[in-house]
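Read the structure below first, then the notes.
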Amino acid sequence: MEFKKIQLNGFKSFAEKTDFLIEEGLTGIVGPNGCGKSNLVEAFRFVMGELSPKQMRGSELDDVIFNGTTDRPAWDIAEVTIDLDNKDRKAPSIFNQSDEIEVTRRIWRGEGSEYRVNGKEVRLKDVQLLFADASTGARSTSMVSQGRIGAIIVAKPEQRRTLLEEAAGITGLHSRRHDAELRLN
């Protein structure tokens with residue numbers, strides 16, 4: 001599966017609906033300080049199921065909702081949608097009916113989040129499994145943010161193992177194995 005587009009609406013500094021097309025190859029985000037580069041990376045993490053406000057540079061998860069400016073009022077909702085190319089049909093079977101997969105996460109101030117895949121409401125676990133099978137996810141090493149390179153260099157052996165398993169595309173298998181063990185117990 002490949003990322004095709006990410007759409008942000010009311011997420012952090014992106015007050016208005018904003019679309020970013022993701023072309024083939026390596027995508028880099030450059031720009032001056034304060035233009036929203038880190039917010040865009042956090043939007044990827046958010047839609048993939050990140051639950052830690054600290055990972056989103058906030059004190060609570062509601063901090064991802066546009067907080068307003070002197071000219072604009074604060075919003076009560078934020079939404080991030082990512083479009084995936086699924087022509088190879090490598091998604092988990094419950095999402096494998098179409099050539100494109102649209103994953104949306106919406107959060108309301110003080111009320112929590114909902115996840116949708118192709119318009120159908122799903123669980124966080126389903127979204128995480130979808131991205132684990134694609135060898136990515138909210139905490140994936142495939143998304144390199146500030147300070148991440150140094151963290152990879154000084155990683156402990158177990159952390160490096162996780163990196164290699166992700167590169168090999170087997171992180172989804174570990175998640176399924178863990179679920180199966182829980183059901184057996």
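The values are calculated or read from the model by the stated rules, or taken from the named source; none is laboratory data. Just so it is clear, the structure is predicted and the values come from calculations on it, not from any experiment. In case anyone asks, the SASA skips ligands and DNA or RNA and just uses the protein heavy atoms, side chains included. Shrake-Rupley method; radii C 1.70, N 1.55, O 1.52, S 1.80 Å.
The table below lists the values:
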read-out: Long-range HN-HN contacts of LYS5 with modeled amide H, under 5 Å; value: ILE22, ASP83
read-out: Antiparallel bridges, percent of DSSP beta bridges restricted to the range 1-108 (to nearest 5); value: 100
read-out: Helix 171-184 axis, angle to the chain major axis (alpha carbon atoms, nearest 10°); value: 70
read-out: Exposure ranking of MET48, MET1 by accessible area [1.4 Å probe, largest first]; value: MET1, MET48
read-out: Computed helical MRE - 222 nm, the chain, DSSP H runs ≥ 4 contributing -39500 (n - 2.57), nearest 500; value: -8500 deg cm²/dmol
read-out: Derived scalar couplings ³J(HN,Hα) [the range 33-50; Karplus, 6.51 cos²θ - 1.76 cosθ + 1.60; whole Hz; x for Gly, Pro]; value: 4, x, 8, x, 4, 5, 4, 5, 5, 5, 5, 4, 4, 4, 5, 7, x, 4
read-out: Residue of LEU26, LEU40, LEU163 that the Gaussian network model of the chain assigns the largest fluctuation, springs spanning Cα pairs under 10 Å; value: LEU26
read-out: Computed over the range 1-146: relative contact order in percent, which uses C-alpha pairs under 8 Å that are six or more apart; value: 25
read-out: The chain - percent of accessible surface contributed by carbon and sulfur, probe 1.4 Å; value: 51
